[in-house]
1. Rounded to the nearest 5, what % of the DSSP beta bridges within chain B are antiparallel ones?
2. How would A:46, A:119 line up by accessible area, probe 1.4 Å, largest first?
3. Quick one: grab the alpha carbon gyration tensor of segment A:4-93, order the square roots of its eigenvalues as a ≥ b ≥ c, and give me rounded if a/c is under 1.5, else prolate or oblate depending on whether a/b is larger than b/c.
4. May I ask you to compute the full-extension gain from residue B:115 to residue B:55, defined as 0.36 nm times their residue separation minus their alpha-carbon distance, rounded to one decimal in nm?
5. Given the protein assembly as shown, report the % of alpha carbon pairs whose separation exceeds 34 Å.
6. How far is the Cα center of segment B:51-129 from the Cα center of segment B:7-48, in Å?
7. Which one of B:15, B:24, B:111 has the biggest mean-square fluctuation once chain B is modelled by GNM with Cα springs under 10 Å?
8. With a probe of 1.4 Å, find how much accessible area segment B:4-94 has per residue, and write the answer as a whole number in Å².
Protein chains: 2
Amino acid sequence: MDLQPLLDAATFNDDGLVAAIAQDDATGDVLMLAYMNRETLQQTLETGVMTYWSRSRQKVWVKGETSGNVQRVKSAYVDCDGDALLFRIEQVGGAACHTGHRSCFYRKVEDGELETVGEPVFDADSVYK
Amino acid sequence: MDLQPLLDAATFNDDGLVAAIAQDDATGDVLMLAYMNRETLQQTLETGVMTYWSRSRQKVWVKGETSGNVQRVKSAYVDCDGDALLFRIEQVGGAACHTGHRSCFYRKVEDGELETVGEPVFDADSVYK
């Protein structure tokens with residue numbers, strides 16, 4: 001997929017980052033929000049695999065390089081002012097979150113408490129050693 | 001809905017902001033990404049109406065206060081590290097974007113170009129005078 005127009009339309013903030021939402025193309029579930037810089041957005045378009053900029057580790061982050069749960073780009077969108085991107089993706093392995101949950105948004109507000117939605121797909125302790 | 005646990009779990013960045021994704025509860029479509037500070041997150045939980053912090057205008061932004069297209073909170077989620085929130089909402093009037101489009105993500109990468117997805121729901125020029 002040629003994502004050059006997306007690269008041109010993206011507006012990077014003072015830190016050189018643009019927000020990127022990953023949505024499960026099959027279910028519509030929002031899986032995670034992370035950030036890309038120009039380099040990792042370019043890499044995403046070249047490889048078709050979601051590649052973020054890790055703000056905590058300050059390095060290129062090919063999502064799933066450790067767990068094997070990569071995200072394959074199915075389609076890509078840019079919002080009205082260009083500072084957010086939406087990628088509909090195929091989540092290999094079924095889990096996006098480093099905790100082993102399908103979605104990073106696995107904590108839901110219910111009856112005044114945060115409740116965990118669903119069981120972890122994989123055991124995080126056995127994947128990240 | 002008591003959103004106090006969400007307020008406690010949210011991690012605000014150096015600018016005092018947390019990212020907030022609005023997803024159409026009926027269709028699953030991602031409508032927009034904007035930001036909240038502690039005050040507007042509190043206001044969102046108190047009113048049940050999505051209230052952002054406008055970074056460009058530096059003011060409280062009750063989404064839809066001008067167009068009438070408010071967003072009613074149906075459910076709320078927080079991600080694993082607390083720096084992103086996901087709200088499933090009812091989009092009154094059917095359009096979230098100030099351009100009149102249903103979703104702010106109305107530009108899709110297709111065949112190497114950005115193509116507009118769908119027709120505007122309302123005429124932006126007649127709403128914002």
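The values are calculated or read from the model by the stated rules, or taken from the named source; none is laboratory data. The shown structure was predicted, so the numbers you read here are calculated from the model rather than taken from an experiment. Reconstructed Cβ throughout: ideal geometry from the backbone, glycine too, with neighbour counts over all protein chains shown. Note: accessible area is taken over every heavy atom of the protein model, side chains too, but ligands, DNA and RNA are not part of it. Shrake-Rupley method; radii C 1.70, N 1.55, O 1.52, S 1.80 Å.
1. That works out to approximately 80 percent antiparallel.
2. On the way: A:46 130, A:119 155 Å².
These residues rank, largest area first, as A:119, A:46.
3. Values: a/c = 1.67, a/b = 1.19, b/c = 1.40.
It comes out oblate by the Cα gyration axes.
4. Numbers: separation 60, 0.36 × 60 = 21.60 nm, distance 2.72 nm.
Value of the extension gain: 18.9 nm.
5. Details: 4157 of 33153 pairs.
Considering the protein assembly as shown, 13 percent of its Cα-Cα pairs are separated by more than 34 Å.
6. After rounding, the separation between the Cα centres reads 12 Å.
7. B:111
8. Accessible area per residue, segment B:4-94: 39 Å².
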